[in-house]
1. Condition first: crowded, with 24+ Cβ neighbours inside 10 Å and more than 18 Å from Arg348 (Cβ to Cβ). Can you find one or more residues in region 55-62 that meet it?
2. Of the residues Ser263, Ser253, which is open to solvent by 10 Å² or more (accessible area, probe 1.4 Å) and in contact with a helix residue (DSSP H, G or I) (Cβ under 7 Å, 6 or more places away or on another chain)?
3. Given the conditions (1) without any contact (Cβ under 8 Å) to a residue 60 or more places away in the chain; (2) more than 30 Å from Thr156 (Cα to Cα); (3) buried (at least 22 other Cβ atoms within 10 Å of the Cβ); (4) among the small types (Gly, Ala, Ser), and given that Ser307 satisfies all but one, which numbered condition is not satisfied?
4. Tell me which strands (runs of 3 or more DSSP E) are completely within region 242-358 and hold 2 or more residues being over 29 Å from Glu515 (Cβ atoms), or say none if there are none.
5. For region 206-223, what are the residues that are within 31 Å of the chain's Cα centre (by Cα) and at positive phi?
6. Could you grab me the full set of residues in region 383-433 that are outside any loop (DSSP other than H, G, I, E, B), touching a residue at least 40 places away in the same chain (Cβ under 8 Å) and over 17 Å from Gly32 (Cβ atoms)?
7. Could you check Tyr351 against (1) open to solvent by less than 10 Å² (accessible area, probe 1.4 Å); (2) of a type in the set (Phe, Trp, Tyr); (3) at pLDDT below 95 and say which number it fails?
8. Looking at region 199-217, which of the residues that are open to solvent by less than 50 Å² (accessible area, probe 1.4 Å) and in contact with a helix residue (DSSP H, G or I) (Cβ under 8 Å, 6 or more places away or on another chain) is farthest from Lys231 (Cα to Cα)?
Amino acid sequence: MQGNDSTHPVDLFVIGGGINGCGIARDAAGRGFSVTLAEMSDLASATSSSSTKLFHGGLRYLEYFEFRLVREALIEREILLRAMPHISWPMRFVLPYHKDMRFESETPTSKFLSVVMPWMKGRRPAWLIRLGLFLYDHLGGRKILPGTETIGLTGTPEGAPLQERFAKAYEYSDCWVEDSRLVILNARDAEARGAAILTRTKVTHATREGDLWRVETKDMEHGRTATHYAKMLVNAGGPWVGDVIHGKIDLPSKEGVRLVRGSHIVTRKLFDHDKCYFFQGTDGRIIFAIPYETDFTLIGTTDAEHSDPSIKPTCTDEERDYLIAFANKYFKAPISAEDVVWSYSGVRPLYDDGASSATAATRDYTLKVDAEGGAPVLNIFGGKITTYRRLAESALEKISEHLPDAKGPNAKGRWTAGVPLAGGDFPVGGFDRLVSELRAQFGFLTPFWARRLVRAYGTEARDMLGDAENAEALGRDFGATLTETEVTWLMEREYARTAEDIVWRRSKLGLRLDETQINDLDDWMQSHRARMAAAE
C-alpha cells in the first residue's frame with residue numbers, strides 16, 4: 001500500500017500491469033533485479049483481458065512474410081503449454097476450404113501472386129493453403145501438438161454445423177489460453193520473487209534526476225500520492241504507451257503507436273465438439289469461432305483503427321453485424337444479434353510501421369531504449385500474448401546492458417522457459433486426472449464446478465478449498481459455483497478489489513450471474529475490505 005515516499009531506488013519501475021509489464025516484472029525479479037510495477041486500474045484491465053485468447057503462431061502472418069514472428073510464436077506455444085497446463089490447453093482448428101477464398105489485397109503474398117499468377121485474381125488456392133500449413137507445422141519444431149490433416153466434412157461432427165457446400169477442411173493445432181489469468185499468475189510470481197505490485201496506482205509524472213527516475217504516483221482509490229526512485233523505467237503502458245512517452249515522461253520521441261481495435265461477440269453454443277473453426281472471408285480477412293466457457297461460442301476478431309486510448313473500446317453494432325454476417329456464410333443455422341449474449345473489445349498497441357491498413361500493421365514487438373539525458377527508459381510497442389515471455393527476455397537483454405551491476409552476485413540469466421506458474425505443476429494432458437482427484441477429495445463438487453476450479457487454479461484448487469467437507473463450509477454462495485472462500489482467495493492473493501475484477505477477469509462468471517448477483521458480490525467485497533482495513 002502506498003503512503004510514505006520511498007527514497008530507496010529500485011532497479012526497475014514498470015508502468016503497466018498488462019501481460020508485457022507483468023511478464024517483464026516476473027523475469028526481472030527472478031534475475032535479481034529490484035522491481036516495482038504500477039497499474040492504474042486492475043491488472044489485465046485493458047488489452048490483456050480482451051484478446052482472442054489463443055497461444056498461436058499466427059497462420060495468416062505468413063502471408064505478410066513475418067517468418068521470424070511466426071517461428072518464435074510457434075516455438076513458444078509448447079514452452080508455455082508446459083508451464084501452465086491449467087489455463088492453457090491444445091486445440092484443433094478446422095479450416096473449411098472453398099474456391100472463393102481471397103487474399104487481403106495488401107499482403108506481400110497477394111501482391112507477388114498478382115504479378116506471377118494474375119489469373120488467380122486474388123484467390124487463395126488449396127495448394128497455397130496447404131503450403132502455408134506445412135510451414136506452420138515445421139517452423140517451430142513441434143513435440144506435443146499434432147500436425148495438419150485433411151479431413152472430410154460430410155457426415156462428420158466437424159461438418160455438421162456447416163453449410164453443405166463445404167466438403168473438406170484442413171485441421172491443424174494451436175492452443176487456448178485464459179489471457180487475464182495469465183497476467184495475474186505472472187504478477188503473483190513476480191511478487192513472490194520480490195517485486196512490488198501496485199494496482200489502482202497511476203503514474204502521474206516521471207522525470208530524470210541525474211542517474212535516477214523520480215516517479216510520482218497516485219492511489220486511484222484513496223487519492224494518496226507517493227514518490228518512487230528507479231534506475232530505469234519500463235514503459236509497458238499498452239495502448240497508453242504513447243501517452244506515457246509524451247504526457248508523463250516528456251520524451252521527444254518520434255516512435256509512434258498505432259491503435260487497432262479488435263472486437264468479439266459471444267453467442268449461445270453453436271456446435272457440439274471442442275474444435276475451433278478458422279473461417280476465411282471473401283474480403284481476405286479471417287475470423288475464429290471457438291468453443292467458449294462450456295456453453296458458449298466466441299467469434300472474432302475485427303481490425304479497426306482506434307483513435308484514443310482514453311475512449312473505452314466497445315464492439316460497435318457494425319462490428320457485431322460484420323462478425324455475424326461472416327459466420328453466417330459458414331454456419332448452416334444462421335445467427336442474429338439476438339443470439340449475442342456478450343461482446344467485448346480490446347485495443348492492440350501496434351508499432352506504427354506505416355502500413356496502409358490496420359490489418360496489415362505488424363504484430364511483432366519493438367523495443368526502444370532512450371538513454372539520452374540521464375537514466376534510461378525502455379518503451380514497449382506491440383507484441384502478441386503468445387510471445388510475451390520472449391518479449392520479456394528481449395527486454396531484459398536491453399535492461400541488462402544499461403544496468404550491468406544491478407543484479408548482485410547471485411544473478412542469473414534467462415530462466416523462465418519451462419518454469420511453471422502457480423498451479424501449473426502437473427503434466428500436459430493431466431487435467432482430467434486432476435479433476436478426478438479433486439472430486440474424489442471434495443465429494444460435494446459437481447463436474448462443472450471441479451473443472452472450473454482446476455481450469456482456474458490447477459493444483460492450487462486443493463489449497464483454496466482447504467479442509468472443507470461440504471459446500472456450506474465454503475461460506476456464502478454468490479451463484480454459479482462462486483463461494484465466499486474463492487472470493488476471499490482472489491482478494492487476498494490475486495489483487496481483486498471489485499466484482500468486475502472477479503466475474504470478468506479472474507473468471508468469466510459474468511456470463512452466468514445476473515446483475516443482482518454481481519451487485520451483491522460487489523457489496524460483500526467492499527464490506528470485507530472495510531472489515532480487513534479495520535482489523536489492521
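1. No: region 55-62 contains no residue that is crowded, with 24+ Cβ neighbours inside 10 Å and more than 18 Å from Arg348 (Cβ to Cβ).
2. Result of the check over Ser263, Ser253: Ser253.
3. The failed condition is (3).
4. In region 242-358, 257-268, 276-280, 286-292, 340-351 are the strands (runs of 3 or more DSSP E) which contain 2 or more residues that are over 29 Å from Glu515 (Cβ atoms).
5. Gly223
6. Ile385, Thr386, Thr387, Tyr388, Arg389, Arg390, Leu391, Phe431
7. (1)
8. If we take residues in region 199-217 being open to solvent by less than 50 Å² (accessible area, probe 1.4 Å) and in contact with a helix residue (DSSP H, G or I) (Cβ under 8 Å, 6 or more places away or on another chain), then Val203 is farthest from Lys231 (Cα to Cα).
The values are calculated or read from the model by the stated rules, or taken from the named source; none is laboratory data. From a predicted model like this one, the values you see are computed outputs, not experimental measurements. Note that we place each Cβ from the backbone using ideal geometry, even for glycine, and neighbour counts take in every protein chain shown. Ligands, DNA and RNA are stripped out before the accessible areas are found, and what is left, the full protein with its side chains, is counted by its heavy atoms. Shrake-Rupley method; radii C 1.70, N 1.55, O 1.52, S 1.80 Å.
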